[in-house]
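A.B. asks: Next up is a structure, given as structure tokens.
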Amino acid sequence: MRWSSFVAVGDSFTEGMDDALPSGAYRGWADLVAARLAQEGPLRYANLAVRGKKFDAVVDEQVPATLRMRPDLVSFAAGGNDVLRRKVDLPRLIDRFDEIVRMLRASGADVLLFQFADFGARLPGKALMRARTQTMNEAVRAAAKRHGAHIVDMHGDRTLDDPRLWSIDRLHLNAAGHRRVAAHALEALGVPPEPGWRAALPPAVPAPWLDRRKADALWVREHLAPWVRRRLTGRSSGDGRLAKRPELLPFD
């Protein structure tokens with residue numbers, strides 16, 4: 001099947017952090033998927049994702065705009081920022097997730113969903129993060145089966161556990177990680193990805209203990225502490241930001 005219009009919905013994962021271009025803008029897996037789909041024929045593409053957005057904000061701000069565009073294909077990935085919070089109402093989130101997938105499918109669009117990778121493995125509270133991730137992933141798979149959506153099983157790809165596919169903040173994919181996710185997404189859609197996007201990594205060389213402790217201290221100072229400050233003050237990294245590609249326009 002070929003799609004003529006694609007809208008990507010979500011948070012920083014779909015916005016493309018931390019796959020930085022020389023201009024400073026972010027590319028990411030969704031842009032890579034759009035580029036590959038555009039090779040099959042003319043494609044209009046919008047990316048409504050904004051970093052830091054929790055599930056309700058993604059749904060309330062992005063889904064109505066998506067439905068108005070009436071695309072052939074929608075990617076929907078949200079809830080990661082909720083899972084990271086100290087308190088989250090998972091049963092309510094899961095119920096609403098299922099309803100949104102049903103709504104998107106009822107619009108006539110094909111829908112692409114994602115099971116989370118084990119991003120909590122590099123963060124404090126990994127046991128809690130893993131339990132929540134498992135619950136969400138089971139709900140995503142159930143919704144995909146119930147409503148006939150395509151699904152990307154990031155959690156089942158053990159290569160995505162490799163820190164070399166993640167940025168220095170330990171939360172977002174780097175360029176290589178986004179390429180790998182783009183390959184998974186295209187394969188889920190039945191489209192061959194670019195060669196090499198899922199290439200095996202060479203054996204890792206363990207870093208010396210002192211280097212790892214220095215990296216931990218840098219991460220706490222540059223990434224964890226600012227994140228905690230934003231939580232305590234009720235701010236988000238996405239405050240005041242607009243979607244990088246808010247209109248459904250031809251992809252070049």
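The values are calculated or read from the model by the stated rules, or taken from the named source; none is laboratory data. In this text the structure is predicted, and so the values were computed from the model without any measurement. Neighbour counts run over all protein chains shown; Cβ positions are idealised from the backbone, glycine included. When the accessible area is computed, the model is the full protein with side chains, heavy atoms only, and any ligands, DNA or RNA have been set aside. Shrake-Rupley method; radii C 1.70, N 1.55, O 1.52, S 1.80 Å.
A.B. asks: With runs of 4+ DSSP H residues as the only contributors, calculate the mean residue ellipticity of the chain at 222 nm using -39,500 (n - 2.57) per run, divided by the residue total and rounded to the nearest 500.
C.D. replies: Calculated at 222 nm, the ellipticity per residue is -13000 deg cm²/dmol.
A.B. asks: So if I place +1 on the C-beta of Lys and Arg and -1 on the C-beta of Asp and Glu, and nothing else carries charge, what would the dipole magnitude of the range 114-231 be about its Cα centre? I want it in debye, nearest 20.
C.D. replies: 480
A.B. asks: Another question, then. Please calculate how many Å² of accessible area the range 138-252 carries per residue, with a 1.4 Å probe and no DNA, RNA or ligand atoms counted.
C.D. replies: Accessible surface, normalised per residue, equals 61 Å².
A.B. asks: Under a cut-off of 27 Å between alpha-carbon atoms, report the lysines in cross-link reach of residue 87, not counting same-chain residues fewer than 8 places apart.
C.D. replies: Excluding near neighbours in sequence, the set is 53, 54, 126.
A.B. asks: Another question, then. Which of the trypsin sites (Lys or Arg not before Pro) found in the range 1-100 are loop residues per DSSP with 15 or fewer other Cβ atoms within 10 Å of their Cβ?
C.D. replies: 2, 85, 86, 87
A.B. asks: Related question: HN-Hα J couplings of the range 99-105 from phi, Karplus 6.51/-1.76/1.60, θ = phi - 60°, integer Hz, Gly and Pro as x?
C.D. replies: 5, 5, 4, 4, 5, 5, 5
A.B. asks: Roughly how much of residue 55 is accessible, in Å² to the nearest 10, using a 1.4 Å probe?
C.D. replies: Here the residue's solvent-accessible area equals roughly 0 Å².
A.B. asks: Right, here's the next one. I'd like the trypsin sites (Lys or Arg not before Pro) in the range 125-210 restricted to DSSP loop residues with at most 12 other Cβ atoms within 10 Å, sorted by number.
C.D. replies: Sparse-neighbourhood loop trypsin sites (Lys or Arg not before Pro): none present.
A.B. asks: From the convex hull of the Cα coordinates of the range 124-220, what is the mean projected area in square nanometres?
C.D. replies: One quarter of the hull surface, i.e. the mean projection, equals 7.7 nm².
A.B. asks: Return the FRET efficiency for the residue pair residue 252, residue 187: r is the Cβ-Cβ distance, R0 is 22 Å, and the value is rounded to the nearest 0.05.
C.D. replies: The formula returns an efficiency of 0.35 here.
A.B. asks: Could you name the aspartates and glutamates whose alpha carbon sits less than 15 Å from that of residue 244, not counting residues in the same chain fewer than 8 places away?
C.D. replies: 11, 15, 18, 19, 31, 61, 252
A.B. asks: Starting from the Cα-Cα distance between residue 138 and residue 158, subtract it from 0.36 nm times their residue separation and give me the gain in nm to one decimal.
C.D. replies: 5.5 nm
A.B. asks: May I pose another question? According to the Cα gyration tensor, what semi-axes, each the square root of 5 times an eigenvalue, does the equivalent ellipsoid of the range 1-132 have, listed from largest to smallest in whole Å?
C.D. replies: Equivalent-ellipsoid dimensions as semi-axes: 26, 19, 12 Å.
A.B. asks: Related question: From the square roots a ≥ b ≥ c of the eigenvalues of the alpha-carbon gyration tensor of the range 64-187, which class results: rounded (a/c under 1.5), prolate (a/b over b/c), or oblate?
C.D. replies: Cα axes put the range 64-187 in the oblate bin.
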